[in-house]
Structures are given as structure tokens and as C-alpha cells.
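The values are calculated or read from the model by the stated rules, or taken from the named source; none is laboratory data. This one's a predicted model, so the numbers in the text were calculated from it and none came from an experiment. Note that we place each Cβ from the backbone using ideal geometry, even for glycine, and neighbour counts take in every protein chain shown. Remember, those area values only see protein heavy atoms, side chains included, never the ligands or the DNA or RNA. Shrake-Rupley method; radii C 1.70, N 1.55, O 1.52, S 1.80 Å.
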Amino acid sequence: MCDTIILNHYFISEIKEIKDNKIPVIVSVFGDTNEVYLEVATKAEKAGADAIEINISCPHAEVASIGIDKDLTFEIVKFLKEKLHVPLFIKLNPNVTNLGEIALAAEKGGADGVVAINTVAAMVIDVKSKRPILAHGSGGLSGRAIHPIAMKKVYDLYRILKIPIIGCGGIDSWEDVVEFFLAGASAVQIGTALYNGTEIITNINEGVTNYLKDNEYKSINDIRGLAHQFKTQEVPDFD
Ligand SMILES: Cc1cc2nc3c(=O)[nH]c(=O)nc-3n(C[C@H](O)[C@H](O)[C@H](O)COP(=O)(O)O)c2cc1C
């Protein structure tokens with residue numbers, strides 16, 4: 001969950017173990033101040049992290065989200081970029097009206113990429129007790145339901161950003177992954193679907209590979225952003 005403020009020795013030994021097996025590792029960091037983000041990110045970097053992702057967008061956290069403010073986003077990215085040596089990715093909060101401005105602030109601050117999206121603010125109320133079921137009242141919706149929302153964010157961000165976008169949200173099949181690449185993503189993340197087991201990764205790899213072969217593409221890079229070649233009548237959110 002989002003409260004990994006202290007990167008304790010368990011996480012450090014886990015990062016080291018993954019690195020010992022020669023697997024690239026991107027460490028997700030959360031904090032309540034710029035200094036805490038730096039402290040945790042530095043520990044992760046020293047443990048061998050190949051890149052750091054900062055979560056500035058957790059809907060479960062009590063601290064005010066940096067990710068809802070473009071100036072705070074710019075400041076934290078610039079602050080961390082001056083001190084870290086590995087690539088820095090910024091996980092974006094979809095629950096804002098100015099996502100484009102916030103993403104551009106991250107890019108201006110020196111971010112190496114953005115991750116879109118974190119969970120979508122949501123809530124459930126128990127009809128018997130009449131109270132919200134989550135302790136904080138609301139939380140974040142993930143999984144299939146948010147895939148079209150994530151698609152729209154990635155599609156619109158691709159039109160304005162120069163840095164790469166990592167697509168995330170509701171991936172459940174290889175088609176979802178291809179869709180993200182067509183919208184402009186350079187990589188993807190899978191969260192909720194992993195609750196059903198890690199076989200999804202093998203299935204997606206197979207599905208994407210077959211799709212590329214069947215359509216005579218050499219690489220996933222050949223399909224990145226292809227959906228933008230079609231004119232739509234829609235006015236994008238971030239123009
Ligand atoms: C149980 C759970 C815990 C999560 N914890 C984090 C977290 O600590 N940091 C973060 O950046 N995102 C966190 N997320 C958000 C996911 O990384 C992802 O952005 C989101 O769930 C959308 O992807 P998905 O539909 O594939 O799950 C969490 C999501 C879930 C469901």
C-alpha cells in the first residue's frame with residue numbers, strides 16, 4: 001500500500017536479492033515531504049534500484065497529494081533529480097482536472113518519464129451500517145473498470161509530452177497492452193490482474209508477440225502512438 005515511508009531493511013534486502021538475480025528493478029517511493037522521498041529514494045538507489053518511481057498520487061494517504069499541484073510537482077521532481085543518479089518516473093494522479101499541466105511540470109522538473117495512472121478516487125457505502133466501508137471514507141478504484149479512463153489519459157498525455165509514458169490501469173489481457181502502446185505508451189504496469197497469478201505476464205508476452213508478428217511489425221516501438229494518425233472529432237483535454 002501507499003505507506004512505505006520508511007524503506008526498512010526488509011525492502012533493502014529484497015531489492016538486493018532481485019538485483020543478485022540480474023532482474024531490473026524500479027522502486028516505488030512514497031513520502032510526506034520532499035526530504036522523506038529523498039531519504040527513501042536514496043536508500044533504494046544505494047540498494048541497487050535501476051530507477052525510482054515516486055508516487056505523488058495515493059488516494060488512500062492522509063497527507064495532501066503533491067500530485068494535485070503543478071508547482072509542488074515541479075519542485076519535488078527538480079529536488080530529487082538534482083540528487084538522484086538513476087532515472088526518475090512520476091506516478092500521476094488521475095483525480096485532477098489539469099493532468100496535462102501537472103505532467104508538463106514533471107517534465108520541466110526533469111522527470112525521465114511519467115506513469116499514468118494511479119487509482120481513480122471512489123467509494124462504497126455499506127447499506128446496513130450506512131457508513132463508508134473504508135476507514136478514510138474513500139479509496140482508489142483499480143482493475144478493468146478504469147482501463148478506458150487510463151487510455152484517455154495516456155492518449156492525451158502523448159500529445160503534449162516529450163518524455164515517455166508508462167501506461168497503467170486495468171490491464172487484463174494482451175489487447176489492453178497493445179491498446180496502451182497504440183495510444184502512445186512506451187511501457188506498461190500491471191497491478192490488480194496479478195491477484196489472479198503471474199501467468200498473465202506470460203500470456204501477455206505471447207499475445208503481444210503474436211500480434212506484432214501477424215501485423216508484420218518488428219518491435220513494440222513500431223506501434224507506439226499509431227492511434228494518433230487517425231483524425232477524431234473529439235477535442236483533447238490538454239490542448
Ligand atoms: C492494493 C493496491 C495497492 C496499491 N498500492 C500502490 C502504491 O503503494 N503505490 C502506487 O504508486 N500505486 C499503488 N497502487 C496503484 C497501482 O499501482 C495502479 O496504479 C492502479 O491499481 C491501476 O492499475 P491496475 O488497474 O492494473 O491495478 C495500488 C493498487 C492496489 C489495487
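The residue that is surrounded by the most Cβ atoms within 10 Å (Cβ to Cβ), among those in segment 182-206 that are under 24 Å from residue 230 (Cα atoms) and of a type in the set (Gly, Ala, Ser), is 185. Among residues of segment 177-192 that are on the phi > 0 side of the Ramachandran plot, those with a beta-carbon under 6 Å from a residue that is at pLDDT 95 or above and in a loop (DSSP other than H, G, I, E, B) at least six positions away or on a different chain give the pairs 184/225. When segment 149-181 is filtered for residues that are open to solvent by less than 50 Å² (accessible area, probe 1.4 Å) and β-branched (Val, Ile, Thr), the ones remaining, listed by number, are 154, 160, 163, 165, 166, 171, 177, 178. Within segment 102-155, the residues that satisfy the criterion of being touching a residue at least 60 places away in the same chain (Cβ under 8 Å) and of a type outside the set (A, V, I, L, M, F, W, C) are 112, 113, 118, 119, 136, 138, 139, 140, 152, 153, 155. With respect to the conditions (1) at pLDDT 95 or above; (2) within 11 Å of the ligand (Cβ to nearest atom), residue 139 lacks only one, and its number is (1). Among the residues of segment 170-189, the ones that are within 11 Å of the ligand (Cβ to nearest atom) and touching a Lys or Arg at 6+ places or on another chain (Cβ under 8 Å) come to 2 in all.
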